[in-house]
1. Expressed as a rounded percentage, what relative contact order does the chain have, with Cα pairs under 8 Å and six or more residues apart?
2. Quickly work out the residue 98-to-residue 222 label distance, labels modelled 7 Å from Cα along the C-beta direction, and quote it in nm with one decimal.
3. Roughly how many nanometres apart are two label points built 7 Å out from the Cα toward the Cβ at residue 331 and residue 307?
4. Expressed in whole Å with the largest first, what are the equivalent ellipsoid semi-axes of the chain derived from the C-alpha gyration tensor as the square root of 5 times each eigenvalue?
5. Roughly how far apart, in whole Å, are the Cα centres of the range 192-207 and the range 290-342?
6. What is the Cα radius of gyration of the range 1-57 over 2.2 N^0.38 Å, N being its residue count?
7. Could you work out the equivalent-ellipsoid semi-axes for the range 28-120, taking the square root of 5 times each eigenvalue of the Cα gyration tensor, largest first, in whole Å?
8. Quick one: Debye curve from the alpha-carbon atoms of the range 22-82 only, equal weights, vacuum; give me log10 I(q)/I(0) at q = 0.13, 0.14, 0.16 Å⁻¹ to two decimals.
């Protein structure tokens, strides 16, 4: 059942030019493991950072990038009980985080993630422990399902698991990447009003077509002031912060008293800063979002099936177009980029 060969893409240096396919025997699952035929892999901005810099992780080259995949179980090892041959599955980004608080102590930081200190999944096949997987949504194909584990779950944890979003809330999402657009869709499904910031008029128009109530050109002036004006002076209840750096201070100005900022990105730098006055007077919640736990992903998958949520896929690439997909990631797509392995 596991005869034959597979393809896996690896980098030998932190340079996309070194990304090459290699041919290997298809592995056999051991006790507690499953062999998955990968149907699609979704890229995240994090994958670009891992390829280019390693993100300061203790990586031992060569490594395979990409953590998000959807596929089908081809074989199971002894003792496997959660899945059977033929089941469709998606990967859990932080495999040892099942529920509740993330495992680990204060220091060193917990860093065990797929395509980090754990194997990456830019491949046609993978053997993984069954606990690292979640049943795929019934309503999505592999390309759509592959977008859920990082971008989708991050938005779900920020707005639903931690944010307890309610109908009538106002949500602001920064940009039009995968997390932002999942945030838009999740917020709208909960009856919230959504504001989107972007430097592209075309992307703002696409966001409005997707259901955004208001678009803000962040290059046209003070976007925090524009957000406050768009809410009648009240400010926003939830804000998905992707910039980091000094941008946190701007986000605080846009926030309503008692609002929540979910910090999910560091595009403007890993050191964040803000004026303490709005921090004290507005008493906000500032929550760092490290994707999420397995139970959260299972909840999100159920919601996707019930709502009929369709991830926004900017483009589907074929396996021989892996480098082209990473180049597209550099250009900032509207939504997700997927590499289909079949």
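1. Working: 795 pairs, mean separation 61.9, N = 342.
Across the chain, relative contact order equals 18 percent.
2. 5.0
3. A separation of 2.9 nm, rounded to one decimal place.
4. Details: eigenvalues 244, 83, 75 Å².
Here the semi-axes work out to 35, 20, 19 Å.
5. Centre-to-centre distance over Cα atoms comes out at 19 Å.
6. Numbers: Rg = 14.2 Å, N = 57, 2.2 N^0.38 = 10.2 Å.
Ratio of Cα Rg to 2.2 N^0.38 Å: 1.39.
7. Details: eigenvalues 127, 62, 29 Å².
Semi-axes from the Cα gyration tensor: 25, 18, 12 Å.
8. -0.51, -0.58, -0.72
Read the figures in this text as sums done on the coordinates, not as results from a lab. As the structure is a computational prediction, the values presented were derived from the model and not from experiment. Positions of Cβ are generated from backbone atoms using ideal geometry, with glycine treated the same way; all protein chains shown enter the neighbour counts.
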